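To keep things clear, I will list the structure first and then write my remarks on it.
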Amino acid sequence: MCLSDIARELDLTVIYDGGDIDREITGGYATDLMSDAIAHAKAGDLWVTLQVHVNVVAVASMKDLGAVVLTQDRQPLPETLQKARDEGIPLLGSNLRAFDLIGRLYQLGIRGT
Amino acid sequence: MNRKETVNELQLLVYELDVESAMTKEVVTVSPDLAMDKLPKILKSNRITGVPVTEDGRLVGIISLEDYVRWAADDGKPSCVGDVMTRKVHTIYSDEPLVSAVSRLERFACGRLPVLDRTTDTLAGIVTKGDVIESMLGNLEIDYREEGLRTYRTSRFFEDIVSDSTELSFAYEIRGESISEGGEVASSLKKTLRRLGMHPDVVRRAAITVYEAEMNVIIYAKAGRVRVSIDQHHISMVVEDEGPGIPDLEQAMAPGFSTAPESVRELGFGAGMGLPNIKQCAESFEIESVVGEGTTLRVSFHMEEACA
């Protein structure tokens with residue numbers, strides 16, 4: 001499913017579009033632990049997390065993740081947003097908590113890999 | 001590219017390319033009213049051996065040098081092209097795959113096929129065996145060049161260097177307590193290994209390893225460095241730090257065990273997964289630590305090894 005469709009369906013805020021909001025999202029992963037994301041998230045995944053610091057983008061870029069969604073209306077730190085721009089990683093926001101957001105993503109057909 | 005791959009590429013190309021991409025679009029045509037004795041001059045000046053005959057853009061026949069010779073040998077009485085031409089012409093539509101052109105040229109043993117536009121049914125071009133070969137070679141060359149750039153294999157790079165043994169090495173410094181810089185060494189190394197054309201799986205595992213090691217240095221130590229050396233078959237990595245050292249290595253290796261401070265855990269680090277992650281990625285794994293002095297980690301990856 002493409003990122004812009006997901007954003008529209010779930011009413012996500014596009015904080016930064018990553019230069020290509022229509023990119024294909026191939027799966028999903030949810031964790032707030034960096035090592036967990038590094039070890040288990042897959043390229044093309046939508047990563048659901050409440051972490052907003054710059055390492056989130058570093059990890060997403062290293063693993064070629066499709067996008068990062070910040071939960072609970074959390075805002076990225078300025079350096080996080082800057083790094084997202086540098087690395088072309090889309091940053092989105094949701095007012096939902098992780099549990100509910102993931103449930104809706106699942107309903108849309110996004111699966112863990 | 002070995003021979004088998006080339007054949008597969010060619011097979012793919014004849015299905016992927018359409019006739020339009022190979023055909024000659026500017027076609028010389030003649031009218032059926034043209035006098036036969038004018039034909040040789042037209043063929044000769046255009047260096048062709050046959051020409052489609054059209055009337056208002058519609059193909060009505062084809063006339064070749066062979067037809068001319070037959071006509072001249074017969075008695076050569078004044079006639080026009082329309083009387084001598086072959087009326088039953090094998091044609092092909094411009095949107096058909098190139099493979100259809102090849103099989104039709106072969107089956108009807110003809111040198112050229114007039115190409116028709118499917119919607120207007122008018123003559124759109126002409127395609128010869130030469131056009132087919134030229135188009136396929138052209139496309140193959142483009143593919144080959146792109147492929148060549150992508151798969152600049154490290155092994156090939158090493159083959160070009162004349163020496164008894166060759167090793168590439170890169171060094172990176174890590175500052176302690178610089179959490180926001182976390183991942184920079186990993187991302188530089190990942191870029192470098194990719195440029196060297198290494199297998200994506202090896203790149204992935206090396207990047208994860210260096211990321212975890214880098215974060216360990218940042219979280220626990222004052223400073224550290226990463227040295228990466230690459231020879232024809234292996235990537236070896238040494239990560240050293242001036243840190244507190246690890247009193248119990250077995251405990252440190254246990255998944256979930258961590259001594260990270262709360263401030264770091266809040267950021268999602270210190271989950272006790274770093275060293276186990278590294279061990280899972282690397283083919284060889286050694287760790288030495290002296291309390292109060294520092295820790296040295298040595299890992300290596302086999303380059304040809306597939307996914308772990």
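Every number here is computed from the coordinates shown, using simple stated rules; none is lab data. What you see is a predicted model, and the numbers here were worked out from it, not measured in a lab. No Cβ is skipped: glycine too gets one built from the backbone with ideal geometry, and neighbour counts run over all protein chains shown.
Against the main long axis of the alpha-carbon atoms of chain B, helix B:184-195 sits at an angle near 30°.
Can you say what percent of the DSSP beta bridges in the protein assembly as shown, counting only those with both residues inside, are antiparallel? Round to 5.
Numbers: 49 of 64 bridges.
Bridges in the protein assembly as shown are about 75 percent antiparallel.
Restricting the calculation to alpha carbons of the range B:3-147 gives Rg and Dmax of 17.2, 59 angstrom. The trypsin sites (Lys or Arg not before Pro) of the range A:66-110 that DSSP puts in a loop, and whose beta carbon has at most 15 other beta carbons within 10 Å, are A:ARG74, A:ARG97. In this structure, the amide hydrogen of A:CYS2, modeled 1.01 Å from its nitrogen in the peptide plane, lies closer than 5 angstrom to those of A:ILE25, counting only residues at least 5 positions away or on a different chain. What do you get for Rg/Rh over the range A:3-107 if you use C-alpha atoms and the Kirkwood form of Rh? That ratio is 0.91, to two decimals. Between the amide H of B:VAL60 and those of B:VAL53, B:THR54, B:GLU55, distances stay under 5 Å, these residues lying 5 or more places away or on another chain, with hydrogens modeled in the peptide plane. Mean sequence separation of contacting Cα pairs (under 8 Å, at least six apart), scaled by the length of chain B, corresponds to a relative contact order of 14 percent. Computed from label points 7 Å out along Cα-Cβ, the spacing between B:MET253 and B:SER188 is 3.0 nm. Derived scalar couplings between HN and Hα for the range B:94-99 equal 5, 8, 7, x, 4, 4 Hz in order, rounded to whole Hz, by the Karplus curve 6.51 cos²θ - 1.76 cosθ + 1.60 (θ = phi - 60°), x for Gly and Pro. A simple spin-label model places the labels of B:GLU55 and B:LYS41 2.5 nm from each other, with each point 7 Å out along Cα-to-Cβ. Sparsely packed loop sites in the range B:221-308 (the chymotrypsin sites (Phe, Trp or Tyr not before Pro) outside DSSP H, G, I, E and B with at most 16 other Cβ atoms within 10 Å) comprise B:PHE257.
Quick one: of B:LYS77/B:LYS129; A:LYS83/B:LYS279; A:LYS63/B:LYS222; A:LYS42/A:LYS83, which pairs are farther than 25 Å apart, Cα to Cα? Display every interim value, and only then the final one.
On the way: B:LYS77/B:LYS129 34 Å; A:LYS83/B:LYS279 29 Å; A:LYS63/B:LYS222 27 Å; A:LYS42/A:LYS83 20 Å.
Correct reply: B:LYS77/B:LYS129; A:LYS83/B:LYS279; A:LYS63/B:LYS222.
Remark: the range B:37-44, residue by residue, has Karplus-estimated 3J(HN,Hα) of 6, 8, 4, x, 5, 5, 5, 5 Hz, where x stands for each Gly or Pro and the curve is 6.51 cos²θ - 1.76 cosθ + 1.60 at θ = phi - 60°.
Here the range A:1-105 carries DSSP beta bridges of which approximately 25% are antiparallel, counting only pairs with both residues inside. Across the range B:3-147, C-alpha contacts under 8 Å between residues 6 or more apart give a mean separation that, scaled by the residue count, equals a relative contact order of 30 percent.
Angle of helix B:129-150 to the longest C-alpha principal axis of chain B, folded into 0 to 90 degrees and rounded to 10: 10°. Residues whose amide H lies under 5 Å from that of A:LEU96, counting only those 5 or more places away or on a different chain, are A:GLN72, A:ASP73; hydrogens are built 1.01 Å from N in the peptide plane. Across chain A, the mean sequence separation of Cα contacts (distance under 8 Å, 6 or more residues apart), normalised by length, yields a relative contact order of 31 percent.
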